[in-house]
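The values are calculated or read from the model by the stated rules, or taken from the named source; none is laboratory data. For clarity, every value in this text was computed on a predicted model and none was experimentally measured. In this analysis, Cβ positions are derived from the backbone assuming ideal geometry, glycine residues included, and neighbour counts consider all displayed protein chains.
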Amino acid sequence: MATKEFPLQPREVEPISTKYRTIRTPIPVPDSVPFLTRLREMEPRSMGGQPPVIWHGGEGATVRDPYGNRWIDFSSGVLVTSCGHAHPDIVKAIKNMADQGLYHAYCFPTDVRYKLVEELASWLPPPLKRVFVLTTGSEACECCIKLARTQGLRVGDKNKNIFVSFDYGFHGRTMGAQLAGGAPALKAWLGGDDPHFVQVPFPDGFRQKDTSFAVFEAALKAKGVDPNRVCGVMAETYQGCNATLMPPHYAQALRAWCDKYKAVMIFDEVQAGFGRTGAPFGFSHLSVVPDLVACGKGIAGGMPVAAVLGTDELMSIYGPGEMTSTHSANPVCAAAALANLQVIRREKLVENAARLAPLMAEAVRKIKDVSKGRIGHVDSTGLVGAMQFTKPGTTEPMPDWAWEVVWGCVCKGVLLFAPVGVGGCAIKLNPPLLIGEEALREGLSVVEEVVHSC
(Lines give C-alpha, C1' and ligand atoms only; values in the text may rest on other atoms or scores of the structure.)
Protein backbone atom coordinates (compact mmCIF):
# COMPACT_ATOMS: atom_id res chain seq x y z
CA MET A 1 0.00 0.00 0.00
CA ALA A 2 1.08 3.59 -0.54
CA THR A 3 2.28 5.58 2.43
CA LYS A 4 0.66 8.84 3.42
CA GLU A 5 2.23 11.85 1.75
CA PHE A 6 3.85 14.38 4.06
CA PRO A 7 2.43 17.90 3.63
CA LEU A 8 4.49 20.74 2.22
CA GLN A 9 2.80 23.38 4.35
CA PRO A 10 5.43 24.57 6.85
CA ARG A 11 4.65 23.68 10.47
CA GLU A 12 5.76 26.01 13.23
CA VAL A 13 7.88 23.98 15.66
CA GLU A 14 9.74 24.60 18.88
CA PRO A 15 13.37 25.65 18.33
CA ILE A 16 15.84 22.99 19.48
CA SER A 17 19.56 23.23 20.18
CA THR A 18 21.39 20.29 21.75
CA LYS A 19 24.70 18.60 21.16
CA TYR A 20 23.17 16.46 18.42
CA ARG A 21 19.99 18.29 17.30
CA THR A 22 19.32 21.74 15.88
CA ILE A 23 15.92 22.93 14.66
CA ARG A 24 15.85 26.61 13.66
CA THR A 25 13.01 26.83 11.14
CA PRO A 26 9.50 25.62 10.50
CA ILE A 27 9.36 22.11 8.99
CA PRO A 28 9.47 21.84 6.05
CA VAL A 29 11.66 24.90 5.67
CA PRO A 30 9.61 27.55 3.83
CA ASP A 31 12.45 28.26 1.39
CA SER A 32 12.55 24.56 0.48
CA VAL A 33 8.89 24.27 -0.49
CA PRO A 34 9.28 25.43 -4.14
CA PHE A 35 12.12 22.92 -4.58
CA LEU A 36 10.14 20.08 -3.01
CA THR A 37 7.01 20.99 -4.97
CA ARG A 38 8.86 20.98 -8.28
CA LEU A 39 10.58 17.69 -7.41
CA ARG A 40 7.20 16.08 -6.75
CA GLU A 41 5.95 17.41 -10.10
CA MET A 42 8.87 15.91 -12.03
CA GLU A 43 9.25 12.50 -10.35
CA PRO A 44 6.88 9.55 -9.95
CA ARG A 45 4.42 9.99 -7.09
CA SER A 46 6.09 7.02 -5.43
CA MET A 47 9.16 9.15 -4.70
CA GLY A 48 7.19 11.51 -2.47
CA GLY A 49 6.76 9.26 0.53
CA GLN A 50 9.50 10.46 2.86
CA PRO A 51 9.53 13.41 5.29
CA PRO A 52 10.18 16.69 3.42
CA VAL A 53 13.73 17.25 4.63
CA ILE A 54 16.43 18.16 2.12
CA TRP A 55 19.56 16.21 2.94
CA HIS A 56 22.63 18.35 2.41
CA GLY A 57 25.34 16.67 4.46
CA GLY A 58 26.03 14.71 7.58
CA GLU A 59 28.59 13.84 10.21
CA GLY A 60 28.61 10.58 12.11
CA ALA A 61 25.10 9.81 13.34
CA THR A 62 23.61 13.17 12.29
CA VAL A 63 22.19 14.62 9.07
CA ARG A 64 21.86 18.32 8.23
CA ASP A 65 19.91 20.36 5.69
CA PRO A 66 21.13 23.56 3.92
CA TYR A 67 19.20 25.78 6.35
CA GLY A 68 20.97 25.10 9.64
CA ASN A 69 18.81 22.22 10.89
CA ARG A 70 20.35 18.97 12.12
CA TRP A 71 18.81 15.63 13.05
CA ILE A 72 19.91 12.52 14.90
CA ASP A 73 19.67 9.96 12.13
CA PHE A 74 17.52 6.99 13.14
CA SER A 75 17.09 5.97 9.49
CA SER A 76 20.66 5.28 8.33
CA GLY A 77 19.15 6.20 4.95
CA VAL A 78 17.26 2.94 5.01
CA LEU A 79 19.59 0.80 7.14
CA VAL A 80 22.49 1.65 4.83
CA THR A 81 24.94 4.06 6.47
CA SER A 82 26.35 1.68 9.08
CA CYS A 83 29.50 3.78 9.45
CA GLY A 84 27.50 6.98 9.63
CA HIS A 85 27.83 9.96 7.35
CA ALA A 86 31.04 11.43 5.90
CA HIS A 87 33.32 8.86 7.48
CA PRO A 88 36.79 10.07 6.43
CA ASP A 89 38.04 6.63 5.40
CA ILE A 90 35.08 6.04 3.07
CA VAL A 91 35.27 9.55 1.63
CA LYS A 92 39.01 9.09 1.02
CA ALA A 93 38.48 5.73 -0.70
CA ILE A 94 35.90 7.22 -3.06
CA LYS A 95 38.12 10.20 -3.89
CA ASN A 96 41.22 8.08 -4.44
CA MET A 97 39.47 5.74 -6.85
CA ALA A 98 38.00 8.65 -8.80
CA ASP A 99 41.44 10.29 -8.92
CA GLN A 100 42.89 7.03 -10.25
CA GLY A 101 40.69 7.56 -13.30
CA LEU A 102 38.72 4.36 -13.02
CA TYR A 103 34.97 4.60 -12.46
CA HIS A 104 33.72 1.67 -14.54
CA ALA A 105 35.19 -1.69 -15.53
CA TYR A 106 32.20 -3.97 -16.27
CA CYS A 107 33.38 -7.51 -15.41
CA PHE A 108 37.01 -6.94 -16.33
CA PRO A 109 39.25 -7.72 -13.33
CA THR A 110 40.33 -4.88 -11.07
CA ASP A 111 42.49 -4.78 -7.99
CA VAL A 112 39.72 -3.22 -5.91
CA ARG A 113 37.26 -5.95 -6.91
CA TYR A 114 39.78 -8.57 -5.82
CA LYS A 115 40.24 -6.87 -2.46
CA LEU A 116 36.50 -6.46 -1.89
CA VAL A 117 35.70 -10.08 -2.75
CA GLU A 118 38.54 -11.23 -0.50
CA GLU A 119 37.22 -9.08 2.35
CA LEU A 120 33.65 -10.31 1.92
CA ALA A 121 34.80 -13.93 1.77
CA SER A 122 36.63 -13.46 5.06
CA TRP A 123 33.29 -12.83 6.79
CA LEU A 124 31.84 -16.17 5.69
CA PRO A 125 31.44 -19.35 7.71
CA PRO A 126 31.86 -22.58 5.73
CA PRO A 127 30.47 -23.94 3.50
CA LEU A 128 29.79 -20.42 2.19
CA LYS A 129 32.75 -19.58 0.01
CA ARG A 130 32.08 -17.59 -3.15
CA VAL A 131 31.04 -13.95 -3.62
CA PHE A 132 29.09 -12.36 -6.48
CA VAL A 133 29.09 -8.54 -6.20
CA LEU A 134 25.96 -6.78 -7.50
CA THR A 135 24.23 -3.41 -7.07
CA THR A 136 20.95 -3.77 -5.15
CA GLY A 137 19.28 -6.08 -2.68
CA SER A 138 16.55 -6.83 -5.23
CA GLU A 139 19.18 -7.95 -7.72
CA ALA A 140 20.80 -10.18 -5.09
CA CYS A 141 17.45 -11.79 -4.20
CA GLU A 142 16.62 -12.30 -7.88
CA CYS A 143 19.95 -14.08 -8.32
CA CYS A 144 19.21 -16.34 -5.33
CA ILE A 145 15.81 -17.24 -6.79
CA LYS A 146 17.43 -18.04 -10.14
CA LEU A 147 20.08 -20.26 -8.54
CA ALA A 148 17.49 -22.12 -6.45
CA ARG A 149 15.23 -22.72 -9.44
CA THR A 150 18.19 -23.90 -11.51
CA GLN A 151 19.41 -26.20 -8.76
CA GLY A 152 15.91 -27.68 -8.56
CA LEU A 153 16.17 -28.68 -12.20
CA ARG A 154 19.60 -30.20 -11.60
CA VAL A 155 18.75 -32.34 -8.57
CA GLY A 156 15.14 -33.08 -9.42
CA ASP A 157 13.25 -32.47 -12.61
CA LYS A 158 11.12 -29.79 -14.22
CA ASN A 159 8.54 -30.18 -11.43
CA LYS A 160 10.98 -29.23 -8.65
CA ASN A 161 10.16 -25.58 -9.18
CA ILE A 162 8.20 -24.32 -6.16
CA PHE A 163 9.86 -21.49 -4.26
CA VAL A 164 8.76 -20.96 -0.64
CA SER A 165 8.98 -17.69 1.27
CA PHE A 166 7.07 -16.02 4.11
CA ASP A 167 3.97 -13.93 4.75
CA TYR A 168 4.75 -10.21 5.14
CA GLY A 169 8.26 -10.74 3.77
CA PHE A 170 9.93 -8.17 1.54
CA HIS A 171 12.73 -8.97 -0.91
CA GLY A 172 12.66 -6.02 -3.28
CA ARG A 173 10.62 -4.36 -6.01
CA THR A 174 11.58 -6.36 -9.11
CA MET A 175 9.29 -9.07 -10.45
CA GLY A 176 10.87 -12.17 -8.94
CA ALA A 177 11.53 -10.45 -5.64
CA GLN A 178 7.90 -9.37 -5.40
CA LEU A 179 6.61 -12.82 -6.34
CA ALA A 180 8.65 -14.09 -3.39
CA GLY A 181 7.40 -11.27 -1.18
CA GLY A 182 4.60 -11.78 1.30
CA ALA A 183 2.61 -8.58 0.79
CA PRO A 184 -0.28 -9.22 -1.65
CA ALA A 185 -0.79 -5.50 -2.36
CA LEU A 186 2.76 -5.16 -3.68
CA LYS A 187 2.24 -7.84 -6.33
CA ALA A 188 -1.32 -7.06 -7.40
CA TRP A 189 0.12 -5.67 -10.64
CA LEU A 190 1.17 -9.22 -11.56
CA GLY A 191 -2.46 -10.22 -11.95
CA GLY A 192 -2.74 -12.79 -9.20
CA ASP A 193 -0.69 -15.43 -7.43
CA ASP A 194 1.87 -17.56 -9.22
CA PRO A 195 1.54 -21.20 -8.12
CA HIS A 196 5.32 -21.57 -8.24
CA PHE A 197 5.73 -19.03 -5.41
CA VAL A 198 4.19 -19.98 -2.08
CA GLN A 199 4.20 -18.10 1.24
CA VAL A 200 3.87 -19.55 4.73
CA PRO A 201 3.54 -17.81 8.15
CA PHE A 202 6.68 -16.21 9.58
CA PRO A 203 7.29 -17.19 13.23
CA ASP A 204 7.28 -13.67 14.69
CA GLY A 205 5.26 -14.46 17.83
CA PHE A 206 2.85 -11.58 17.16
CA ARG A 207 0.84 -12.15 14.02
CA GLN A 208 1.87 -15.81 14.10
CA LYS A 209 1.68 -16.90 17.73
CA ASP A 210 2.75 -20.50 17.16
CA THR A 211 6.45 -20.40 16.31
CA SER A 212 6.93 -24.15 15.98
CA PHE A 213 8.23 -25.56 12.72
CA ALA A 214 5.10 -27.69 12.50
CA VAL A 215 3.34 -24.55 11.21
CA PHE A 216 5.66 -24.47 8.19
CA GLU A 217 4.90 -28.08 7.30
CA ALA A 218 1.18 -27.70 7.94
CA ALA A 219 1.02 -24.58 5.75
CA LEU A 220 2.64 -26.36 2.82
CA LYS A 221 0.28 -29.30 3.24
CA ALA A 222 -2.74 -26.98 3.34
CA LYS A 223 -1.60 -25.39 0.08
CA GLY A 224 -1.17 -28.78 -1.54
CA VAL A 225 2.60 -28.46 -1.89
CA ASP A 226 4.61 -31.67 -2.18
CA PRO A 227 7.90 -31.03 -0.29
CA ASN A 228 9.79 -32.88 -3.02
CA ARG A 229 8.75 -30.14 -5.47
CA VAL A 230 10.29 -27.32 -3.40
CA CYS A 231 13.49 -25.99 -4.96
CA GLY A 232 14.25 -23.31 -2.39
CA VAL A 233 13.14 -21.52 0.77
CA MET A 234 13.99 -17.85 1.35
CA ALA A 235 13.49 -15.92 4.56
CA GLU A 236 14.67 -12.65 6.00
CA THR A 237 16.49 -13.41 9.24
CA TYR A 238 14.30 -10.65 10.65
CA GLN A 239 11.50 -9.24 8.56
CA GLY A 240 11.57 -5.67 7.35
CA CYS A 241 8.26 -4.95 9.07
CA ASN A 242 9.67 -5.88 12.48
CA ALA A 243 12.92 -6.71 14.22
CA THR A 244 12.20 -10.26 15.41
CA LEU A 245 14.82 -12.81 14.47
CA MET A 246 13.60 -16.18 13.28
CA PRO A 247 13.73 -18.43 16.39
CA PRO A 248 16.87 -20.63 16.43
CA HIS A 249 14.87 -23.85 16.86
CA TYR A 250 12.81 -22.94 13.79
CA ALA A 251 15.87 -22.09 11.69
CA GLN A 252 17.56 -25.34 12.66
CA ALA A 253 14.46 -27.35 11.75
CA LEU A 254 14.27 -25.48 8.44
CA ARG A 255 17.91 -26.33 7.73
CA ALA A 256 17.19 -30.02 8.34
CA TRP A 257 14.03 -29.87 6.19
CA CYS A 258 15.92 -28.26 3.29
CA ASP A 259 18.62 -30.91 3.51
CA LYS A 260 16.03 -33.70 3.54
CA TYR A 261 14.19 -32.43 0.47
CA LYS A 262 17.24 -31.05 -1.38
CA ALA A 263 15.92 -27.49 -1.29
CA VAL A 264 18.24 -24.49 -1.30
CA MET A 265 18.11 -22.60 2.00
CA ILE A 266 18.41 -18.84 1.48
CA PHE A 267 18.61 -16.02 3.98
CA ASP A 268 17.88 -12.48 2.88
CA GLU A 269 20.35 -10.48 4.97
CA VAL A 270 19.95 -7.24 3.06
CA GLN A 271 18.93 -5.41 6.25
CA ALA A 272 20.59 -7.63 8.84
CA GLY A 273 24.02 -8.33 7.41
CA PHE A 274 27.36 -6.88 8.50
CA GLY A 275 26.62 -5.99 12.09
CA ARG A 276 23.10 -4.58 12.33
CA THR A 277 22.01 -7.33 14.73
CA GLY A 278 25.13 -7.16 16.90
CA ALA A 279 26.63 -10.13 15.06
CA PRO A 280 28.18 -10.45 11.58
CA PHE A 281 24.89 -11.76 10.16
CA GLY A 282 21.39 -12.35 11.44
CA PHE A 283 21.91 -16.08 10.97
CA SER A 284 24.94 -15.86 13.28
CA HIS A 285 22.41 -15.96 16.14
CA LEU A 286 20.68 -19.09 14.83
CA SER A 287 23.40 -21.79 14.80
CA VAL A 288 22.75 -22.56 11.14
CA VAL A 289 24.44 -21.65 7.85
CA PRO A 290 22.31 -21.23 4.70
CA ASP A 291 23.31 -22.23 1.18
CA LEU A 292 22.90 -18.70 -0.20
CA VAL A 293 22.84 -15.25 1.37
CA ALA A 294 21.51 -12.07 -0.26
CA CYS A 295 23.22 -8.94 1.07
CA GLY A 296 23.05 -5.22 0.43
CA LYS A 297 22.48 -1.93 2.26
CA GLY A 298 25.17 -1.98 4.97
CA ILE A 299 27.89 -3.46 2.73
CA ALA A 300 29.03 -0.16 1.26
CA GLY A 301 27.88 2.49 3.72
CA GLY A 302 25.84 4.36 1.12
CA MET A 303 27.06 3.35 -2.32
CA PRO A 304 25.01 0.93 -4.48
CA VAL A 305 26.59 -2.44 -3.69
CA ALA A 306 24.96 -5.79 -2.95
CA ALA A 307 26.19 -9.36 -3.05
CA VAL A 308 25.21 -13.00 -3.18
CA LEU A 309 27.29 -15.20 -0.90
CA GLY A 310 27.10 -18.90 -1.56
CA THR A 311 28.49 -22.39 -1.61
CA ASP A 312 30.95 -23.52 -4.24
CA GLU A 313 28.38 -25.87 -5.77
CA LEU A 314 25.64 -23.31 -6.25
CA MET A 315 27.90 -20.48 -7.35
CA SER A 316 29.47 -22.70 -10.00
CA ILE A 317 26.22 -23.66 -11.76
CA TYR A 318 26.54 -21.00 -14.46
CA GLY A 319 29.55 -20.83 -16.74
CA PRO A 320 31.60 -17.85 -17.91
CA GLY A 321 29.43 -14.99 -19.11
CA GLU A 322 26.15 -16.62 -18.03
CA MET A 323 25.71 -14.77 -14.71
CA THR A 324 27.09 -11.23 -14.76
CA SER A 325 25.96 -7.68 -14.09
CA THR A 326 26.78 -4.41 -15.86
CA HIS A 327 27.88 -2.59 -12.73
CA SER A 328 29.21 -5.53 -10.73
CA ALA A 329 31.89 -4.20 -8.36
CA ASN A 330 31.93 -0.75 -9.93
CA PRO A 331 35.39 0.49 -8.91
CA VAL A 332 34.25 3.59 -7.00
CA CYS A 333 31.50 1.67 -5.22
CA ALA A 334 33.81 -1.26 -4.52
CA ALA A 335 36.38 1.07 -2.98
CA ALA A 336 33.71 2.51 -0.71
CA ALA A 337 32.47 -0.95 0.25
CA LEU A 338 35.97 -2.17 1.06
CA ALA A 339 36.63 0.88 3.24
CA ASN A 340 33.22 0.51 4.91
CA LEU A 341 33.82 -3.14 5.86
CA GLN A 342 37.30 -2.32 7.12
CA VAL A 343 35.88 0.47 9.31
CA ILE A 344 33.26 -1.91 10.72
CA ARG A 345 36.03 -4.29 11.74
CA ARG A 346 38.60 -1.76 12.94
CA GLU A 347 36.18 0.38 14.93
CA LYS A 348 34.38 -2.69 16.29
CA LEU A 349 30.96 -1.54 15.14
CA VAL A 350 29.47 -5.04 15.36
CA GLU A 351 30.50 -5.06 19.00
CA ASN A 352 29.07 -1.56 19.46
CA ALA A 353 25.70 -2.75 18.15
CA ALA A 354 25.81 -5.66 20.60
CA ARG A 355 26.80 -3.36 23.48
CA LEU A 356 23.94 -0.94 22.81
CA ALA A 357 21.36 -3.66 22.07
CA PRO A 358 20.02 -3.81 25.68
CA LEU A 359 19.50 -0.03 25.62
CA MET A 360 17.50 -0.26 22.38
CA ALA A 361 15.46 -3.17 23.71
CA GLU A 362 14.60 -1.43 26.98
CA ALA A 363 13.74 1.80 25.16
CA VAL A 364 11.21 0.24 22.78
CA ARG A 365 9.55 -1.52 25.73
CA LYS A 366 9.25 1.82 27.55
CA ILE A 367 7.87 3.49 24.44
CA LYS A 368 5.22 0.78 24.19
CA ASP A 369 4.31 1.35 27.83
CA VAL A 370 3.58 5.06 27.23
CA SER A 371 1.69 4.52 23.96
CA LYS A 372 -1.77 4.25 25.56
CA GLY A 373 -2.21 0.82 24.00
CA ARG A 374 -1.61 2.03 20.45
CA ILE A 375 1.61 0.06 20.02
CA GLY A 376 0.63 -3.58 19.82
CA HIS A 377 4.10 -5.06 19.54
CA VAL A 378 7.74 -4.01 19.85
CA ASP A 379 10.91 -5.93 19.24
CA SER A 380 14.58 -5.28 18.66
CA THR A 381 17.84 -6.98 17.88
CA GLY A 382 21.17 -5.24 17.95
CA LEU A 383 20.69 -1.68 16.70
CA VAL A 384 17.33 -2.11 15.00
CA GLY A 385 14.07 -1.59 16.83
CA ALA A 386 10.49 -1.81 15.58
CA MET A 387 7.16 -0.57 16.90
CA GLN A 388 3.91 -1.76 15.32
CA PHE A 389 0.92 0.54 15.82
CA THR A 390 -2.28 -1.48 15.97
CA LYS A 391 -5.84 -1.18 17.16
CA PRO A 392 -5.65 -1.96 20.90
CA GLY A 393 -5.94 -5.65 21.61
CA THR A 394 -5.65 -6.67 17.95
CA THR A 395 -3.13 -6.96 15.13
CA GLU A 396 -5.12 -4.58 12.91
CA PRO A 397 -2.72 -1.95 11.52
CA MET A 398 -3.22 1.70 12.46
CA PRO A 399 -0.91 3.49 10.02
CA ASP A 400 -2.08 7.03 10.76
CA TRP A 401 -0.78 6.78 14.32
CA ALA A 402 2.62 5.61 13.07
CA TRP A 403 2.72 8.41 10.50
CA GLU A 404 1.99 11.09 13.14
CA VAL A 405 4.84 9.79 15.30
CA VAL A 406 7.32 9.92 12.42
CA TRP A 407 6.25 13.47 11.57
CA GLY A 408 6.47 14.50 15.22
CA CYS A 409 9.97 13.07 15.61
CA VAL A 410 11.22 14.82 12.48
CA CYS A 411 9.92 18.13 13.83
CA LYS A 412 11.86 17.50 17.04
CA GLY A 413 15.17 16.63 15.40
CA VAL A 414 15.09 12.85 15.07
CA LEU A 415 15.04 11.60 11.50
CA LEU A 416 12.98 8.51 10.69
CA PHE A 417 11.85 7.12 7.37
CA ALA A 418 8.14 6.71 6.70
CA PRO A 419 6.27 3.81 8.35
CA VAL A 420 6.68 0.42 6.71
CA GLY A 421 5.41 -3.13 7.06
CA VAL A 422 1.94 -4.55 7.39
CA GLY A 423 -0.50 -1.80 6.46
CA GLY A 424 2.23 0.80 6.97
CA CYS A 425 1.97 0.50 10.74
CA ALA A 426 5.60 -0.11 11.73
CA ILE A 427 8.20 2.46 12.71
CA LYS A 428 11.80 1.31 12.49
CA LEU A 429 14.61 2.74 14.65
CA ASN A 430 17.90 2.17 12.84
CA PRO A 431 20.76 4.48 13.83
CA PRO A 432 24.22 4.08 12.28
CA LEU A 433 26.24 1.36 13.98
CA LEU A 434 28.80 3.91 15.14
CA ILE A 435 26.30 5.90 17.21
CA GLY A 436 27.38 6.57 20.78
CA GLU A 437 25.31 5.90 23.86
CA GLU A 438 24.66 9.58 24.55
CA ALA A 439 23.22 10.29 21.09
CA LEU A 440 21.24 7.06 21.12
CA ARG A 441 19.67 7.89 24.49
CA GLU A 442 18.77 11.39 23.34
CA GLY A 443 17.12 10.14 20.17
CA LEU A 444 15.19 7.42 21.96
CA SER A 445 13.95 9.90 24.57
CA VAL A 446 12.56 12.09 21.76
CA VAL A 447 10.70 9.13 20.26
CA GLU A 448 9.26 8.29 23.69
CA GLU A 449 8.19 11.92 24.21
CA VAL A 450 6.44 12.07 20.84
CA VAL A 451 4.64 8.76 21.29
CA HIS A 452 3.47 9.82 24.76
CA SER A 453 2.16 13.17 23.50
CA CYS A 454 0.41 11.95 20.35
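Does ALA337 satisfy the condition of being more than 24 Å from CYS295 (Cα to Cα) and modelled with pLDDT of 95 or more? When the stated conditions are applied, ALA337 does not pass them.
Scanning the stretch 351-387 for residues that are crowded, with 24+ Cβ neighbours inside 10 Å and in contact with a Phe, Trp or Tyr (Cβ under 8 Å, 6 or more places away or on another chain) gives ILE375, THR381, VAL384. Of the helices (runs of 4 or more DSSP H) lying entirely inside the stretch 12-122, those containing at least 3 residues that are more than 24 Å from the chain's Cα centre (by Cα) are 33-42, 88-100, 111-121. Do you know which of the residues in the stretch 205-250 that are surrounded by 24 or more Cβ atoms within 10 Å (Cβ to Cβ) and without any contact (Cβ under 8 Å) to a residue 60 or more places away in the chain is farthest from ILE266 (Cα to Cα)? So the residue we want is MET246. Selection within the stretch 192-204: residues that are without any contact (Cβ under 8 Å) to a residue 40 or more places away in the chain and among the acidic types (Asp, Glu). The member of this set that is nearest to PHE163 (Cα to Cα) is ASP194.
For the stretch 123-140, the set of residues classified as in contact with a Leu (Cβ under 9 Å, 6 or more places away or on another chain) and assigned to a helix (DSSP H, G or I) consists of ALA140 only. The one condition from (1) touching a residue at least 12 places away in the same chain (Cβ under 8 Å); (2) at positive phi that CYS107 does not meet is (2).
Give the residue that is farthest from ARG441 (Cα to Cα), with candidates limited to residues of the stretch 351-404 that are touching a Gly at 6+ places or on another chain (Cβ under 6 Å) and assigned to a helix (DSSP H, G or I).
Looking at residues that are touching a Gly at 6+ places or on another chain (Cβ under 6 Å) and assigned to a helix (DSSP H, G or I), I get PRO399.
Looking only at residues of the stretch 288-346 that are charged (D, E, K, R) and crowded, with 24+ Cβ neighbours inside 10 Å, we find that the one that is nearest to VAL80 (Cα to Cα) is LYS297.
Within the stretch 220-248, how many residues turn out to be among the β-branched types (Val, Ile, Thr), modelled with pLDDT of 95 or more and touching a Ser or Thr at 6+ places or on another chain (Cβ under 9 Å)?
Step one: of the stretch 220-248, the residues among the β-branched types (Val, Ile, Thr) are 225, 230, 233, 237, 244.
If we keep only those that are modelled with pLDDT of 95 or more as well, we get 225, 230, 233, 237.
Now narrow it down to the ones that are touching a Ser or Thr at 6+ places or on another chain (Cβ under 9 Å): 233, 237.
Number of matching residues: 2.
The set of residues from the stretch 381-410 being under 22 Å from ALA61 (Cβ atoms) and touching a strand residue (DSSP E or B) at 6+ places or on another chain (Cβ under 7 Å) comprises THR381, VAL384, GLY385, ALA386, MET387, VAL405, VAL406, VAL410.
Could you tell me how many of the residues in the stretch 262-304 are part of a helix (DSSP H, G or I) and closer than 22 Å to ALA93 by Cα? So the answer is 3.
This table checks each residue for (1) aliphatic (A, V, I, L, M); (2) assigned to a loop (DSSP other than H, G, I, E, B); (3) touching a residue at least 60 places away in the same chain (Cβ under 8 Å); (4) assigned by TED's automatic domain parsing to the domain that holds ALA185.
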| residue | (1), (2), (3), (4) |
| --- | --- |
| GLY408 | no, no, no, no |
| ILE427 | yes, no, no, no |
| PRO431 | no, yes, yes, no |
| LEU440 | yes, no, yes, no |
| VAL447 | yes, no, yes, no |
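Looking only at the stretch 236-252, decide whether some residue is within 18 Å of ALA306 (Cβ to Cβ) and either of a type in the set (Val, Ile, Thr) or in a helix (DSSP H, G or I) (or both). Yes, the stretch 236-252 contains a residue that is within 18 Å of ALA306 (Cβ to Cβ) and either of a type in the set (Val, Ile, Thr) or in a helix (DSSP H, G or I) (or both). Being of a type in the set (Lys, Arg) and within 25 Å of ILE375 (Cα to Cα) is a property that LYS209 has. Inspect the stretch 146-163 for any residue being over 14 Å from VAL264 (Cβ atoms), modelled with pLDDT of 95 or more, of a type in the set (Ser, Thr, Tyr) and in the same structural domain as MET303 (by TED's automatic domain parsing) and give the result as yes or no. Within the stretch 146-163 (the criterion being over 14 Å from VAL264 (Cβ atoms), modelled with pLDDT of 95 or more, of a type in the set (Ser, Thr, Tyr) and in the same structural domain as MET303 (by TED's automatic domain parsing)), the answer is no, since none of the residues qualifies. Of all residues in the stretch 158-181, those satisfying the criterion of being under 15 Å from the mean Cα position of the chain (by Cα) and farther than 20 Å from THR135 by Cβ are TYR168, GLY169. Among the residues of the stretch 206-227, those that are outside any loop (DSSP other than H, G, I, E, B), farther than 18 Å from ASN242 by Cβ and out of contact with any helix residue (DSSP H, G or I) (no Cβ under 8 Å at 6 or more places or on another chain) comprise ALA214, ALA218, ALA219, LYS221, ALA222.
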